[in-house]
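*Asks:* Pasting a structure here, questions to come.
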Amino acid sequence: MGAGRRAIHLDGRDPRAHYALGYAMLVAGEPVEATREALRALELDPDDSYARLLLSTLLERAGVAGAARMLCERAKAADLSLEYGWVDLRLAV
């Protein structure tokens, strides 16, 4: 997580840095911080399918299945690699 925080310190407007830190927070069991970073990544780049999938995973784990499903479908529609399971956070974590 230190590298992700350093990346954000260097360029806080890089959505990839916020996504990476959010993913690290998810893995570390920090869902609130992970959600904050996923939302920031989407604020900076609303078309970021990976951040959308990360947020979907976090919502699913929080019991917000409807919104999670909607975000997941939008992410998959925008990026076919997500549709075919090449990147699936639910399998990776």
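The values are calculated or read from the model by the stated rules, or taken from the named source; none is laboratory data. Worth saying up front: this structure is predicted, and the values here are computed from it rather than measured. Here the Cβ is made from the backbone with ideal geometry for all residues, glycine too, and neighbour counts use every protein chain on show. Note: accessible area is taken over every heavy atom of the protein model, side chains too, but ligands, DNA and RNA are not part of it. Shrake-Rupley method; radii C 1.70, N 1.55, O 1.52, S 1.80 Å.
*Asks:* Sort out which residues of the range 14-38 are among the acidic types (Asp, Glu), farther than 15 Å from residue 62 by Cα and outside any helix (DSSP H, G or I), and write them in order of number.
*Replies:* 14 - this is the single residue of the range 14-38 that is among the acidic types (Asp, Glu), farther than 15 Å from residue 62 by Cα and outside any helix (DSSP H, G or I).
*Asks:* Right, here's the next one. Taking the range 39-66, which residues are under 17 Å from residue 79 (Cα atoms) and part of a helix (DSSP H, G or I)?
*Replies:* Scanning the range 39-66 gives 41, 42, 49, 50, 51, 52, 53, 54, 55, 56, 57.
*Asks:* Given the condition modelled with pLDDT of 95 or more, under 19 Å from residue 15 (Cβ atoms) and within 14 Å of the chain's Cα centre (by Cα), answer yes or no: does some residue in the range 58-73 qualify?
*Replies:* Scanning the range 58-73 turns up at least one residue that is modelled with pLDDT of 95 or more, under 19 Å from residue 15 (Cβ atoms) and within 14 Å of the chain's Cα centre (by Cα).
*Asks:* Sticking with this one: Filter the range 74-83 for residues that are in contact with a helix residue (DSSP H, G or I) (Cβ under 9 Å, 6 or more places away or on another chain) and either open to solvent by 60 Å² or more (accessible area, probe 1.4 Å) or at pLDDT 95 or above (or both) and give the result.
*Replies:* Answer for the range 74-83, where residues must be in contact with a helix residue (DSSP H, G or I) (Cβ under 9 Å, 6 or more places away or on another chain) and either open to solvent by 60 Å² or more (accessible area, probe 1.4 Å) or at pLDDT 95 or above (or both): 74, 77, 78, 83.
*Asks:* On the given criteria, is residue 52 charged (D, E, K, R) and either in contact with a helix residue (DSSP H, G or I) (Cβ under 6 Å, 6 or more places away or on another chain) or modelled with pLDDT under 95 (or both)?
*Replies:* yes
*Asks:* In the range 27-48, what count of residues is obtained for those that are within 22 Å of residue 81 (Cβ to Cβ) and open to solvent by 10 Å² or more (accessible area, probe 1.4 Å)?
*Replies:* 8
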